[in-house]
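Derivation of every value follows stated rules applied to the coordinates shown; laboratory data play no part. Just so you know, these numbers come straight off a predicted model, no measurement behind them. Using ideal geometry, Cβ is built from the backbone for each residue, glycine included, and neighbour counts are taken over all protein chains shown.
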Amino acid sequence: MVDVSDHELVPEHNILDEEDLDDVLAEYDIDRTDLPKIKRTDSALPDGAEVGDVIEIVRNSRTTDRAVVYRLVVE
């Protein structure tokens, strides 16, 4: 079976630890549930991702070199 998360076109996905998550939520003045969602079944998620975790996705960007977005893992 092919591991989709290793494909060169799939951006880097990391599970955000609670300390970093608190910083992100404070910076944007939002709650965890206000974040966009990503399904637990998404094949790009790291193996250890569980429902309720927040994923940091780092993409290449032509204008800023890298763009960072956050997603809440849902069922």
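What number of residues within segment 25-50 are under 12 Å from the mean Cα position of the chain (by Cα) and over 12 Å from Ile15 (Cβ atoms)?
7
Is it true that some residue in segment 64-74 is within 19 Å of Glu8 (Cβ to Cβ) and acidic (Asp, Glu)?
Yes: segment 64-74 contains one or more residues that are within 19 Å of Glu8 (Cβ to Cβ) and acidic (Asp, Glu).
Condition check ((1) surrounded by 12 or more Cβ atoms within 10 Å (Cβ to Cβ); (2) part of a loop (DSSP other than H, G, I, E, B)) across all residues:
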site: Glu8; (1), (2): no, yes
site: Glu27; (1), (2): no, no
site: Ser43; (1), (2): no, yes
site: Ala49; (1), (2): yes, yes
site: Ile57; (1), (2): yes, no
site: Thr63; (1), (2): no, yes
site: Val69; (1), (2): yes, no
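From the set of residues in segment 32-41 that are in a loop (DSSP other than H, G, I, E, B) and of a type outside the set (A, V, I, L, M), which is farthest from Leu16 (Cα to Cα)?
Of everything passing the filter in segment 32-41, Thr41 is farthest from Leu16 (Cα to Cα).
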